[in-house]
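Undergrad: Mind having a look at this structure? Questions to follow.
Every read-out reported here was derived from the displayed coordinates using simple, explicitly stated rules and does not represent laboratory data. None of the values given here were measured: they were computed from a predicted structure. In this analysis, Cβ positions are derived from the backbone assuming ideal geometry, glycine residues included, and neighbour counts consider all displayed protein chains.
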Amino acid sequence: MRLIGGRWRRRLLAFPAVPGLRPTPDRVRETLFNWLAPWLAGARCLDLFAGTGALGLEALSRGAAAATLVDSHPAVVAALQENCERLGCEASIVASEACGYVATQGPATFDIIFLDPPFAGSLLTDALTLILARGILAPAGFIYIESAASGGFELPAGLLWHRHSRAGHVAFGLAARAS
């Protein structure tokens, strides 16, 4: 997996072969970061279910002020730490279950939240529900949501699609708070 833009463009990320680890495809990341370009500089980002860390690290590479990468798998957390050391970046890496981490955060903590959990199960819905309940998204912030294209995904009350698309087996989009 490689970073596709910014100061670490073309730098490779190493990550372990962990069941269920599904990197966001390059073309999806390129579209996402084109959408986010006007808001990325200085943003505080949360990469929940970080996996490879590609979303949070790409955000830092392109000018985000801070990124917190959260994952619960020990081998993934170790790989995230190694990748950050190799890049010389100062991302905050947290070894925690995603919803447990969100439950500890205060209001308006993050400008951009990346949600790319394993497709099976209710993790996406659970995380979004808790994010909205805790109010951790800044008022003008965005939540990136990635899900299986086949299952369809309905946004919970309180969020509206800003942009959304589909690529292969992946549906993805940016959601914002409803006015």
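Undergrad: From Cα pairs below 8 angstrom and at least 6 apart in sequence, can you work out the relative contact order of region 1-148, rounded to a whole percent?
TA: 22
Undergrad: Determine the percent antiparallel among the DSSP beta bridges restricted to the chain, to the nearest 5.
TA: So the antiparallel bridges in the chain amount to around 45 percent.
Undergrad: Here's something else I'd like to know. Counting each DSSP H run of 4 or more residues in the chain as -39500 (n - 2.57), what helix-only mean residue ellipticity at 222 nm follows after dividing by all residues, to the nearest 500 deg cm²/dmol?
TA: On the way: 5 runs with 54 residues, N = 179.
Helix-only estimate at 222 nm: -9000 deg cm²/dmol.
Undergrad: Say the dipole of the chain comes from +1 at the beta carbon of Lys and Arg and -1 at that of Asp and Glu; which of Ser165, Cys99, Gly152 then lies farthest toward its positive end?
TA: My answer, from the dipole projection, is Ser165.
Undergrad: To the nearest 20 debye, what charge dipole does the chain have about its Cα centre, counting +1 at the Cβ of each Lys and Arg and -1 at the Cβ of each Asp and Glu?
TA: Around 540 debye, computed over the chain.
Undergrad: I would also like to ask the following. Can you quote the Å³ per residue value for the convex hull of the Cα atoms in the chain, rounded to an integer?
TA: 104
Undergrad: Report the net charge of residues surrounding Glu58, where surrounding means a beta-carbon distance below 14 angstrom and charges are Lys +1, Arg +1, Asp -1, Glu -1.
TA: +3
Undergrad: Using +1 at the C-beta of Lys and Arg and -1 at the C-beta of Asp and Glu, which of Pro117, Val28, Ala78 has the Cα lying farthest in the positive direction of the dipole of the chain?
TA: The one lying farthest along the dipole's positive direction is Val28.
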